[in-house]
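Here is the structure we will look at.
The values are calculated or read from the model by the stated rules, or taken from the named source; none is laboratory data. Not measured: the values here are computed from a predicted model. Every residue, glycine among them, receives a Cβ derived from its backbone with ideal geometry; neighbour counts consider all protein chains shown. Note: accessible area is taken over every heavy atom of the protein model, side chains too, but ligands, DNA and RNA are not part of it. Shrake-Rupley method; radii C 1.70, N 1.55, O 1.52, S 1.80 Å.
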Amino acid sequence: MKTIDTVLFDLDGTLLPMDQDAFVRLYMEALGRTFAPDGFDPKRLTGSVWKGVEAMIRNDGSVNNRTRFWKVFSEAMDRDMEEQETHFAKFYENQFGEAKAATGYSELSAKAVRLLKKKGYTVILATNPVFPTVATYRRMRWAGLSPEDFELVTTYEEERYCKPNLNYYRSILERFGKKPEQCLMVGNDVDEDMCAVSLGMSGYLLTDCLINRGGKALDGFLSGSFSEFYNYAEEMTALEKFS
């Protein structure tokens, strides 16, 4: 039996329904097209962005994810790409919106978050911190959410690890002075979200936009649709026993 007083939510595919492959395709197409007039080859640019993302995922914690991204991105482009950071921010405020076509909307997302917050839970947006704040907040708005709905929103400026590195979850626990047994991780990715269970957290795997790359057995945590999770959240009371 575990005592739960903290709920961590993933964003993409969890609070924000999406076709991840279509989302990435639209995102990268828009990025390449936006920077092409400035003389950047779209294929090289997007390929270099991916190298930066991969570097963040492998980050060892020595620097934050933002620093790791721009260093590797610049190396891949053979020029100081950090000079383009303001341009990237404008992209996320504008053309990035084209990727919204690959996302859906569920009114239950915001309802679940606010319900649990009202009940007294510490609610955290544990989205993989490979995006800057501007891009993270925009995707949150697509889901009907705002930063004020959470005690913490993880972004690449602040975090030093990424999922599925367990240090990502450990750093959140340390920040809030929580033990794993106090936390429930809610997400749609078996590898990136449910890995938190190995630390001692409880897990709820959402199946609407399920990602299970290795076809792993879905045991060790609860699972169901977001509608089913919302029903579960309605029954939860702060400090209740979770089995």
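Return the residues of the range 11-22 that are in contact with an Asp or Glu (Cβ under 8 Å, 6 or more places away or on another chain) and open to solvent by 10 Å² or more (accessible area, probe 1.4 Å); say none if nothing qualifies.
First, pick out the residues of the range 11-22 that are in contact with an Asp or Glu (Cβ under 8 Å, 6 or more places away or on another chain): 13-14, 17-18, 20.
Of everything in the range 11-22, those that are in contact with an Asp or Glu (Cβ under 8 Å, 6 or more places away or on another chain) and open to solvent by 10 Å² or more (accessible area, probe 1.4 Å) turn out to be Pro17, Met18, Gln20.
Please give the number of the condition Asp191 fails out of (1) in contact with a helix residue (DSSP H, G or I) (Cβ under 8 Å, 6 or more places away or on another chain); (2) surrounded by fewer than 17 Cβ atoms within 10 Å (Cβ to Cβ).
Just one mismatch for Asp191, condition (1).
For the range 86-125, enumerate the residues that are of a type in the set (Gly, Ala, Ser) and either touching a Pro at 6+ places or on another chain (Cβ under 9 Å) or surrounded by 16 or more Cβ atoms within 10 Å (Cβ to Cβ) (or both).
Within the range 86-125, the subset of a type in the set (Gly, Ala, Ser) is 89, 97, 99, 101-102, 104, 106, 109-110, 112, 120.
Within the range 86-125, Ala89, Ala99, Ala102, Gly104, Ser106, Ser109, Ala110, Ala112 meet the criteria.
Would you check which residues across the range 68-85 are open to solvent by less than 60 Å² (accessible area, probe 1.4 Å) and either farther than 17 Å from Leu45 by Cα or in contact with a Ser or Thr (Cβ under 7 Å, 6 or more places away or on another chain) (or both) and list them? Before the answer, list the steps.
To start, the set of residues in the range 68-85 that are open to solvent by less than 60 Å² (accessible area, probe 1.4 Å) comprises 68-70, 72-74, 76-77, 81, 84-85.
Correct list: Phe73, Ala76, Met77, Met81.
Considering only residues that are charged (D, E, K, R) and touching a residue at least 60 places away in the same chain (Cβ under 8 Å), which ones fall in the range 92-123? It would help to see each step written out before you state the result.
Of the residues in the range 92-123, the ones charged (D, E, K, R) are 93, 98, 100, 107, 111, 114, 117-119.
Of everything in the range 92-123, those that are charged (D, E, K, R) and touching a residue at least 60 places away in the same chain (Cβ under 8 Å) turn out to be Glu98, Lys111, Lys119.
Give the residue that is most open to solvent (accessible area, probe 1.4 Å), with candidates limited to residues of the range 126-166 that are among the hydrophobic types (A, V, I, L, M, F, W, C) and in contact with a Pro (Cβ under 8 Å, 6 or more places away or on another chain).
Of all residues in the range 126-166, those among the hydrophobic types (A, V, I, L, M, F, W, C) come to 126, 130-131, 134-135, 140, 142-143, 145, 150, 152-153, 162, 166.
With the extra rule that they be in contact with a Pro (Cβ under 8 Å, 6 or more places away or on another chain), the set shrinks to 140, 153, 162.
Details: Met140: 0, Val153: 25, Cys162: 0 Å².
Out of the qualifying residues, it is Val153.
Matching residues to (1) of a type in the set (Phe, Trp, Tyr); (2) under 28 Å from Val190 (Cβ atoms):
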residue	(1), (2)
Val7	no, yes
Leu11	no, yes
Pro17	no, yes
Gly32	no, no
Pro37	no, no
Phe40	yes, no
Gly47	no, yes
Lys51	no, yes
Arg58	no, yes
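Quick one: what pairs do we get from the range 72-89, first residue under 17 Å from Pro37 (Cβ atoms), second among the small types (Gly, Ala, Ser) and surrounded by 12 or more Cβ atoms within 10 Å (Cβ to Cβ), C-beta under 6 Å, 6+ apart or different chains?
Going by the 6 Å Cβ cut-off, the qualifying pairs are Met77/Ser48; Met81/Ser74.
I'd like to know if the range 156-176 contains one or more residues that are over 22 Å from Ile57 (Cα atoms), free of Cβ contacts under 8 Å to residues at least 40 places away in the same chain and in a loop (DSSP other than H, G, I, E, B).
Here is the first cut: in the range 156-176, the residues over 22 Å from Ile57 (Cα atoms) are 176.
Next cut, free of Cβ contacts under 8 Å to residues at least 40 places away in the same chain only: none.
No - not one qualifying residue is present in the range 156-176.
Quick check on my filter: what residues within the range 30-46 are under 21 Å from the mean Cα position of the chain (by Cα) and either surrounded by fewer than 21 Cβ atoms within 10 Å (Cβ to Cβ) or not hydrophobic (A, V, I, L, M, F, W, C) (or both)?
Filtering the range 30-46 for residues under 21 Å from the mean Cα position of the chain (by Cα) gives 30-31, 46.
Correct list: Ala30, Thr46.
Please work out which residue is most open to solvent (accessible area, probe 1.4 Å), limiting yourself to the range 167-188 and to residues that are touching an Asp or Glu at 6+ places or on another chain (Cβ under 9 Å) and among the small types (Gly, Ala, Ser).
Of everything passing the filter in the range 167-188, Ser171 is most open to solvent (accessible area, probe 1.4 Å).
Can you say whether Thr237 is closer than 25 Å to Tyr105 by Cβ and not aromatic (Phe, Trp, Tyr), as far as the supplied structure shows?
Working: closer than 25 Å to Tyr105 by Cβ: no; not aromatic (Phe, Trp, Tyr): yes.
When the stated conditions are applied, Thr237 does not pass them.
Mind telling me which of the residues Cys183, Cys209, Cys162 ends up being within 25 Å of Thr237 (Cα to Cα) and modelled with pLDDT of 95 or more?
Details: Cys209 fails: within 25 Å of Thr237 (Cα to Cα); Cys162 fails: within 25 Å of Thr237 (Cα to Cα).
The conditions single out Cys183.
Is the range 224-240 home to any residue that is in contact with a helix residue (DSSP H, G or I) (Cβ under 9 Å, 6 or more places away or on another chain), free of Cβ contacts under 8 Å to residues at least 40 places away in the same chain and open to solvent by 40 Å² or more (accessible area, probe 1.4 Å)?
Checking the range 224-240: not a single residue is in contact with a helix residue (DSSP H, G or I) (Cβ under 9 Å, 6 or more places away or on another chain), free of Cβ contacts under 8 Å to residues at least 40 places away in the same chain and open to solvent by 40 Å² or more (accessible area, probe 1.4 Å).
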